[in-house]
Amino acid sequence: METDSVKLESSVWLGNKRHRALLSGWRFSWTELDKKNRDKNTISVPVSEVVAVMEGQVEIHPQKKTKDTDRDFTLFYVKRSNTSGGKGPLWSLGRSQFCCLSRDLRDQWVTQLRIALKTHCPSRPCRLLVFINPYGGKKKAKQIFHSSVAPLFELAGISSHVVVTERANQARDHILKKDLTGFDGVICVGGDGMFSELLHGVIGRTQQEAGVSEHDQSVMLQPCDLHIGIIPAGSTDCVCFATVGVNDPVTSALHIVIGDSQPLDVCSVHHCSTLVRYSVSLVGYGFYGDVLAESERHRWMGPLRYDYSGFLVYLCNRSYQGIVQYLPADSQITSPRDNSRCLSGCRVCSESTERLFPRSESCSSLYSRQLSQYSIESEDNWLSVEGRFRCVSLTCMSSSCPRSPKGLSPSAHLADGTGDLILVRNTNPLGFLTYLHRHTTTQDQFDLPFVEVHRVKAVRFSFLPGEEDDDEDQPNDSQNNTPGILEDPETLCNSDIESNSFGSKQHLAGNQREQGMTEKSRNKSDYLCGLCSSKRSATSVWNCDGEILPYAEISCRVHGQLVRLFARGVEEDPSSRKYNEGNRNCRGRCFSHS
Ligand SMILES: CCCCCCCCCCCCC/C=C/[C@@H](O)[C@H](CO)NC(=O)CCCCCCCCCCCCCCC
Ligand SMILES: Nc1ncnc2c1ncn2[C@@H]1O[C@H](COP(=O)(O)OP(=O)(O)OP(=O)(O)O)[C@@H](O)[C@H]1O
Ligand SMILES: [Ca+2]
């Protein structure tokens with residue numbers, strides 16, 4: 001229970017200005033007073049956002065410096081930066097230096113503020129295990145950690161054990177095998193790939209300890225207690241961006257320091273009764289799989305490799321046959337097209353916690369949860385879509401990132417136990433470009449005739465028998481051969497083109513293509529795009545949070561709130577609050593943004 005009783009109140013000085021400082025309940029505030037003792041402006045900080053209280057005059061920038069004066073104390077706290085100019089919910093370290101009338105009063109302030117911190121913030125981390133990938137993103141992870149993050153951890157009294165990785169999967173293996181006693185969380189300084197290592201380590205270890213088999217698709221996985229923190233230093237930083245609202249190392253470090261906790265849905269991917277991987281942001285076939293495969297050839301370009309590969313793959317103009325089956329989520333609760341946004345404190349996600357983890361988890365309710373999970377196997381509830389797709393994407397969250405601030409599915413929820421399945425059927429190049437481009441604008445990317453989106457609990461992808469090995473020059477399932485917009489074969493990676501059913505142009509494969517290609521053009525296409533230069537396969541690959549999966553036929557299931565991050569979801573932009581209040585979604589803090 002919150003009490004608003006005043007713990008301490010006194011005059012204090014900031015510089016030469018007199019203020020009234022007040023610690024009451026869970027808030028600390030200070031109000032500037034004018035010469036007639038009238039209130040001027042007030043600054044108010046929730047105790048939960050106080051980073052540290054230090055005796056004396058303390059600075060941490062550019063270097064830590066303490067002047068041990070008798071009547072001063074320094075408060076460090078979370079300060080929200082001006083969000084206008086598209087900066088998003090950016091946090092920085094606020095610092096205020098207070099001078100009291102006596103040393104005794106100063107000591108009272110420091111003691112009371114520290115007691116308030118202990119009382120209101122019992123779950124702040126004390127000891128963290130930090131993995132730095134020196135090769136991720138722009139290769140600045142070490143510098144980012146030591147210059148921007150470590151001083152904040154030190155200020156907050158957090159001790160960190162730092163491991164600079166020397167190989168891929170070192171962080172995952174460390175978490176799976178080493179003694180983690182005493183650690184309150186694991187942190188990665190890197191991109192989505194590093195986050196994925198921590199995700200696999202934490203989930204795997206938790207299941208091992210609980211004796212749960214990850215390969216059994218019908219099993220209820222054990223939720224993980226060990227929190228994961230992300231200091232963004234990668235190429236896409238999608239998980240950080242979608243859970244914090246910005247990819248900024250200081251903002252993320254502050255969320256870690258104050259012990260924020262955000263549950264996150266996780267999708268398990270299986271192939272033939274074997275766990276392949278876990279995903280939180282994208283399980284994508286077709287375009288996103290091809291972009292990832294192509295981008296591996298251009299790693300040296302750094303973060304630019306995705307745009308470059310995206311451009312090449314777009315020019316290749318490919319679509320793939322497949323059967324997508326899905327288990328719809330309860331459409332009464334939410335929909336991917338309800339124009340809501342999952343914001344910090346989202347009520348849809350909070351209500352899902354109740355549904356996913358009923359309060360009194362007696363043996364019988366555990367049993368009924370297992371039964372309800374098992375019922376996903378009931379074939380009657382599954383729906384099926386068959387056809388040629390530009391891309392098939394499943395995302396457990398919005399997957400917003402700097403490249404696409406509203407993400408793959410803008411109304412998806414971080415922790416509602418569902419994912420959004422986006423099916424983009426074959427279409428002409430202009431149509432697909434429109435779809436892609438809408439990821440970067442306020443226009444609805446689902447409001448296109450060749451796009452459908454479903455809120456789901458599980459998905460399966462397969463081929464018609466024999467189809468997997470077919471080449472792509474199979475006749476298309478279609479009638480209206482509208483010419484596509486790209487007329488120059490050379491711009492389409494120098495392969496021949498034919499119009500297909502949805503007005504798109506398909507490359508010819510095999511002999512037909514070889515005959516129509518000069519030696520010169522073949523060399524040029526080799527240079528341009530790996531996809532178009534070798535004999536084209538009828539299948540794409542799956543992109544699972546930036547990793548290529550070795551199987552095409554997969555089956556996915558969403559596990560609600562399986563892990564917890566040091567984050568709090570995207571904070572609402574104060575400048576849009578007034579507007580949003582009027583459009584308040586009846587389900588609480590998910591506001592309309594249309
Ligand atoms: C006209 C502009 C179109 C811009 C379209 C932007 C769409 C961006 C959608 C972003 C979706 C991100 C999903 C997150 C995936 C992460 O788990 C994963 C790991 O980091 N990242 C990737 O796989 C990396 C995937 C990166 C995909 C980048 C795609 C870039 C496409 C560029 C297409 C240009 C066509 C231009 C034609 C003239
Ligand atoms: N020391 C290392 N040497 C080589 N690879 C590493 C090392 N440490 C980690 N890795 C691997 O590097 C991959 C990419 O790293 P990371 O995710 O940090 O950067 P990124 O790929 O640039 O960013 P993003 O994943 O956001 O696109 C990860 O999948 C990780 O397994
Ligand atoms: Ca979700």
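So, in region 124-150, of the ones that are of a type in the set (S, T, N, Q) and more than 11 Å from ligand 2 (Cβ to nearest atom), which residue ends up most open to solvent (accessible area, probe 1.4 Å)? Step through it out loud before you land on a result.
Residues of region 124-150 that are of a type in the set (S, T, N, Q), as a first pass: 133, 143, 147-148.
Among the residues that remain, those that are also more than 11 Å from ligand 2 (Cβ to nearest atom) are: 143, 147-148.
On the way: GLN143: 117, SER147: 67, SER148: 37 Å².
Within region 124-150, the match that is most open to solvent (accessible area, probe 1.4 Å) is GLN143.
Within region 293-315, residues that are assigned to a loop (DSSP other than H, G, I, E, B) reach partners that are open to solvent by 80 Å² or more (accessible area, probe 1.4 Å) with beta carbons closer than 7 Å, at six or more positions or on different chains, in the pairs GLY302/LYS138; PRO303/LYS138.
Anything in region 55-82 that is surrounded by 13 or more Cβ atoms within 10 Å (Cβ to Cβ) and more than 34 Å from the chain's Cα centre (by Cα)? List them, or say none. Let's see the steps before the verdict.
First pass over region 55-82, keeping only residues surrounded by 13 or more Cβ atoms within 10 Å (Cβ to Cβ): 55-60, 66, 69-81.
The answer is GLU55, GLY56, GLN57, VAL58, THR66, THR69, ASP70, ARG71, ASP72, PHE73, THR74.
Scanning region 418-443 for residues that are open to solvent by 10 Å² or more (accessible area, probe 1.4 Å) and near ligand 3 (Cβ under 10 Å from one of its atoms) yields a count of 1.
Within region 195-230, being aromatic (Phe, Trp, Tyr) and open to solvent by 10 Å² or more (accessible area, probe 1.4 Å) holds for no residue.
Quick check: anything in region 183-194 open to solvent by 10 Å² or more (accessible area, probe 1.4 Å), touching a residue at least 12 places away in the same chain (Cβ under 8 Å) and within 16 Å of ligand 3 (Cβ to nearest atom)? So far as region 183-194 goes, no, none of its residues is open to solvent by 10 Å² or more (accessible area, probe 1.4 Å), touching a residue at least 12 places away in the same chain (Cβ under 8 Å) and within 16 Å of ligand 3 (Cβ to nearest atom). Filter region 96-123 for residues that are crowded, with 18+ Cβ neighbours inside 10 Å and charged (D, E, K, R) and give the result. The one that is crowded, with 18+ Cβ neighbours inside 10 Å and charged (D, E, K, R): ARG106.
Condition check ((1) within 16 Å of ligand 2 (Cβ to nearest atom); (2) assigned by TED's automatic domain parsing to the domain that holds ASP237; (3) touching a strand residue (DSSP E or B) at 6+ places or on another chain (Cβ under 9 Å); (4) among the acidic types (Asp, Glu)) across all residues:
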| residue | (1), (2), (3), (4) |
| --- | --- |
| GLU294 | yes, yes, no, yes |
| TYR320 | no, yes, yes, no |
| PRO336 | no, yes, yes, no |
| GLY345 | no, yes, no, no |
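In region 231-245, is there at least one residue being away from ligand 2 (no atom under 16 Å from the Cβ), surrounded by 24 or more Cβ atoms within 10 Å (Cβ to Cβ) and within 13 Å of the chain's Cα centre (by Cα)? Before the answer, list the steps.
First pass over region 231-245, keeping only residues away from ligand 2 (no atom under 16 Å from the Cβ): 245.
If we keep only those that are surrounded by 24 or more Cβ atoms within 10 Å (Cβ to Cβ) too, we end up with 245.
Subsequent filtering for residues that are within 13 Å of the chain's Cα centre (by Cα) retains 245.
The answer is yes; a qualifying residue exists.
Regarding PRO449, is this residue at pLDDT 95 or above, surrounded by 23 or more Cβ atoms within 10 Å (Cβ to Cβ) and over 18 Å from CYS544 (Cα atoms)? Let's see the steps before the verdict.
Values: at pLDDT 95 or above: yes; surrounded by 23 or more Cβ atoms within 10 Å (Cβ to Cβ): no; over 18 Å from CYS544 (Cα atoms): yes.
So PRO449 does not fit the description; no.
Here SER409 fulfils each of the conditions (1) in contact with a Ser or Thr (Cβ under 6 Å, 6 or more places away or on another chain); (2) within 16 Å of ligand 2 (Cβ to nearest atom); (3) hydroxyl-bearing (Ser, Thr, Tyr) apart from (2).
Name the single residue, out of those in region 377-418 being outside any loop (DSSP other than H, G, I, E, B) and within 20 Å of GLN262 (Cβ to Cβ), that is farthest from ligand 1 (Cβ to nearest atom). Among residues in region 377-418 that are outside any loop (DSSP other than H, G, I, E, B) and within 20 Å of GLN262 (Cβ to Cβ), the one farthest from ligand 1 (Cβ to nearest atom) is THR395. Residue under question is GLN208, and the condition is that it be away from ligand 1 (no atom under 16 Å from the Cβ) and assigned to a loop (DSSP other than H, G, I, E, B); does it hold? So GLN208 does not fit the description; no. Mind listing whichever residues of region 281-328 are of a type in the set (Gly, Ala, Ser) and open to solvent by 20 Å² or more (accessible area, probe 1.4 Å)? Of everything in region 281-328, just one residue is of a type in the set (Gly, Ala, Ser) and open to solvent by 20 Å² or more (accessible area, probe 1.4 Å), namely ALA293.
The values are calculated or read from the model by the stated rules, or taken from the named source; none is laboratory data. Predicted model only: the values in this text are computed from it and were never measured. Cβ sites come from the backbone with ideal geometry, for glycine too, and all protein chains shown count toward neighbours. Calculation scope for accessible area: heavy atoms of the full protein, side chains included, ligands and nucleic acids excluded. Shrake-Rupley method; radii C 1.70, N 1.55, O 1.52, S 1.80 Å.
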